[in-house]
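Notes follow the structure.
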Amino acid sequence: MPLPKMPFRSLPNLITAARLALVPFVVGAILREAWGLAFLLFALAGLSDGIDGFLARRYGLTSRLGAILDPLADKALMLAVLVSLTLAGLVPAWFPAVLIARDALMVVGAGLARLAGRPLETPPLAIGKLNTAGQIAFLAWLLGSRALRIAAVEAEAVAMPALAGLSVASALAQGLAGWRRGGATGG
């Protein structure tokens, strides 16, 4: 007797779930200051994000579960790494606070739009994609530079306010786009 089709059985969703499962291991490596392992696991998670997205689009394996699970896995990884790096003393507390506040505002905006009976999404904007790419690159840099024992404290001190500003600009642009469309925020 064949197994019933279930949305979680698709390969992209399994890869995404594996990425989500990597989060505690990345956090553990950061907290143990095992920078090489932390970087390797973070890079593996990033690679899995690209692979699951490619497979889903290329082979028509998109699903409602994947549409929820993929950004959840991405945000969980980024949030966990940011908080862990803060606990490890590599980034000041204000930095993840700004990035987390941006995401929280997006969620609140989507919730308010839903309560008002308006559309919940706007298309992702280029500035939002740039914001996400910048954050991922910065986190990879922090982990990789520690693994390779490269000191670039001055560059990191400049990058954090720049990324925080980009995050705020992204939130404003996404909110404005949502307002114009009569809806709330998307990715």
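The values are calculated or read from the model by the stated rules, or taken from the named source; none is laboratory data. Here the structure is a predicted model, which means the values were calculated and not measured. Neighbour counts are summed over all protein chains in view; Cβ atoms, including those assigned to glycine, are modelled from backbone coordinates with ideal geometry. These accessible areas exclude ligands, DNA and RNA; they are computed on the full protein's heavy atoms, side chains included. Shrake-Rupley method; radii C 1.70, N 1.55, O 1.52, S 1.80 Å.
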* Does L20 satisfy being surrounded by 14 or more Cβ atoms within 10 Å (Cβ to Cβ) and in contact with a Phe, Trp or Tyr (Cβ under 8 Å, 6 or more places away or on another chain)? -> no
* P71 open to solvent by 30 Å² or more (accessible area, probe 1.4 Å), over 22 Å from F25 (Cβ atoms), touching a Gly at 6+ places or on another chain (Cβ under 8 Å) and modelled with pLDDT under 90 -> no
* For region 143-152, which residues satisfy the criterion of being open to solvent by less than 30 Å² (accessible area, probe 1.4 Å), of a type in the set (G, A, S) and in a helix (DSSP H, G or I)? -> G144, S145
* To do: Sort through G128, G111 and tell me the only one that's in contact with a helix residue (DSSP H, G or I) (Cβ under 6 Å, 6 or more places away or on another chain), surrounded by 12 or more Cβ atoms within 10 Å (Cβ to Cβ), part of a helix (DSSP H, G or I) and of a type outside the set (S, T, Y).
  => G128
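Give A155, A140, A116 a once-over and let me know the one that is of a type in the set (G, A, S), over 30 Å from L37 (Cα atoms) and surrounded by fewer than 17 Cβ atoms within 10 Å (Cβ to Cβ).
Working: A155 fails: over 30 Å from L37 (Cα atoms); A140 fails: over 30 Å from L37 (Cα atoms).
Testing whether each residue is of a type in the set (G, A, S), over 30 Å from L37 (Cα atoms) and surrounded by fewer than 17 Cβ atoms within 10 Å (Cβ to Cβ) leaves just A116.
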* Specify which of the listed residues (L166, L139, L105) is of a type outside the set (G, A, S), part of a helix (DSSP H, G or I) and under 22 Å from D49 (Cα atoms). => L139
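Condition check ((1) more than 19 Å from L143 (Cα to Cα); (2) in a helix (DSSP H, G or I); (3) among the small types (G, A, S); (4) open to solvent by less than 30 Å² (accessible area, probe 1.4 Å)) across all residues:
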| residue | (1), (2), (3), (4) |
| --- | --- |
| A38 | no, yes, yes, yes |
| G50 | yes, yes, yes, no |
| A67 | yes, yes, yes, no |
| K75 | no, yes, no, no |
| P92 | no, no, no, no |
| A97 | yes, yes, yes, no |
| A101 | yes, yes, yes, no |
